[in-house]
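Below you'll find the structure, written out as structure tokens, and then a few comments.
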Amino acid sequence: MAPKQKLSRGSGVALWKQIQLEVEKRIADGIMQPGEQLPTEMEMSKGFGVNRHTVRRALKNLEDQGLIRVEHGRGAFVQEQVIHYPLGKRTRFSEIVSGQSRIPSGKLVGSQRLPADGHMAKNLNIPLGSKVLCLETVHEVDGRPVSICRHHFPLPRFEGLLEHYKQTGSITESFKRMGVADYTRKETRITARAATAQDARHLAQPKSKPILFVTSINVDQDGEPIEYGVTRCVSDLVQLVVRN
């Protein structure tokens, strides 16, 4: 944004609306690029010669339109292009993202061994209370977090998978190292839910914004369940595409 930007006072168009239209024009003209950070509220209020409340209202409308995203503690950014994420027989995060000329990455944020509750036991086809390995990972696109996933693997079959994941950063590669050359998606269920405080923090989004809640079951070539996943996606950055 220009250091000083004159607004037309007395034109009949509210000042916050003029700010909104100016930012919209800069985004449409390519002056402000996807992922670019906007000036702070204080910088914008000085530049436009208005109070911060006026700037805040303009930013809220831009966020509601999906043109910008506001990350608490970091500021406002021009919204990136939506990731089209096909859900089919073979669903691979890195392949999907790379195929759209974007850069995929992931990181491990937690791991633990748990007794299988009812959902885990049913979806992994194991006795209630059996031990499972749980990995919590965050997936990023171009350095921006887009989803957080909780992966559940039956033990003792996948004892050691945690170490393989730490070395490869890939569930698919970790499976290969443990003798699962290929696997397919048996089932995917999609709902919308409110974000928890922890999910909002990992996904760098307001807690008030809903997330896409996706559960999935992956099976090996013999049809045996090998992974039960619970994924939470940023709803305005990921478009789930269901394919037959």
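The values are calculated or read from the model by the stated rules, or taken from the named source; none is laboratory data. On a predicted model such as this, the values are computed, not experimentally measured, just so you know. No Cβ is skipped: glycine too gets one built from the backbone with ideal geometry, and neighbour counts run over all protein chains shown. Calculation scope for accessible area: heavy atoms of the full protein, side chains included, ligands and nucleic acids excluded. Shrake-Rupley method; radii C 1.70, N 1.55, O 1.52, S 1.80 Å.
Of V70, V109, V138, which residue is touching a residue at least 60 places away in the same chain (Cβ under 8 Å), more than 30 Å from T168 (Cβ to Cβ) and touching a strand residue (DSSP E or B) at 6+ places or on another chain (Cβ under 6 Å)?
That would be V70, the only listed residue that is touching a residue at least 60 places away in the same chain (Cβ under 8 Å), more than 30 Å from T168 (Cβ to Cβ) and touching a strand residue (DSSP E or B) at 6+ places or on another chain (Cβ under 6 Å).
Looking at the stretch 172-185, I want the residues that are open to solvent by 50 Å² or more (accessible area, probe 1.4 Å) and have a partner that is β-branched (V, I, T) and part of a helix (DSSP H, G or I) with Cβ atoms under 8 Å, at least 6 apart or on another chain. Which pairs are those?
R177/T168
Test V50 against the stated conditions and say whether it is at pLDDT 90 or above, more than 30 Å from V242 (Cα to Cα) and part of a loop (DSSP other than H, G, I, E, B).
yes
Check whether at least one residue in the stretch 96-113 is hydrophobic (A, V, I, L, M, F, W, C), under 30 Å from L161 (Cβ atoms), part of a loop (DSSP other than H, G, I, E, B) and open to solvent by 30 Å² or more (accessible area, probe 1.4 Å), and report yes or no.
Yes: one or more hits.
Could you tell me whether V141 is buried (at least 20 other Cβ atoms within 10 Å of the Cβ) and in contact with a Pro (Cβ under 7 Å, 6 or more places away or on another chain)?
yes
Among the residues in the stretch 66-74, are any at pLDDT 85 or above and exposed (fewer than 15 other Cβ atoms within 10 Å of the Cβ)?
no
Every residue, every condition in (1) open to solvent by 30 Å² or more (accessible area, probe 1.4 Å); (2) in contact (Cβ under 8 Å) with a residue 60 or more places away in the chain; (3) not in a helix (DSSP H, G or I), yes or no:
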position	(1), (2), (3)
M32	no, no, yes
E43	yes, no, no
R57	yes, no, no
E63	yes, no, no
S94	yes, yes, no
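Within the stretch 225-239, identify whether any single residue is in contact with a His (Cβ under 8 Å, 6 or more places away or on another chain), modelled with pLDDT under 95 and on the phi < 0 side of the Ramachandran plot, and answer yes or no.
Yes: the stretch 225-239 contains one or more residues that are in contact with a His (Cβ under 8 Å, 6 or more places away or on another chain), modelled with pLDDT under 95 and on the phi < 0 side of the Ramachandran plot.
Quick check on my filter: what residues within the stretch 21-63 are out of contact with any Ser or Thr (no Cβ under 7 Å at 6 or more places or on another chain), over 15 Å from R74 (Cα atoms) and among the aliphatic types (A, V, I, L, M)?
Listed by number, the residues that qualify are L21, V23, I27, A28, I31, M32, M44, V50, A58, L62.
Looking at the stretch 1-42, which of its residues are closer than 17 Å to K60 by Cα, hydrophobic (A, V, I, L, M, F, W, C) and under 34 Å from the mean Cα position of the chain (by Cα)?
Answer for the stretch 1-42, where residues must be closer than 17 Å to K60 by Cα, hydrophobic (A, V, I, L, M, F, W, C) and under 34 Å from the mean Cα position of the chain (by Cα): L15, W16, I19, L21, V23, I27, L38, M42.
Suppose we keep only residues that are among the polar types (S, T, N, Q) and in contact with a Leu (Cβ under 9 Å, 6 or more places away or on another chain) within the stretch 12-36. Which one would you say is nearest to G143 (Cα to Cα)?
Residue satisfying both the conditions and the ranking: Q20.
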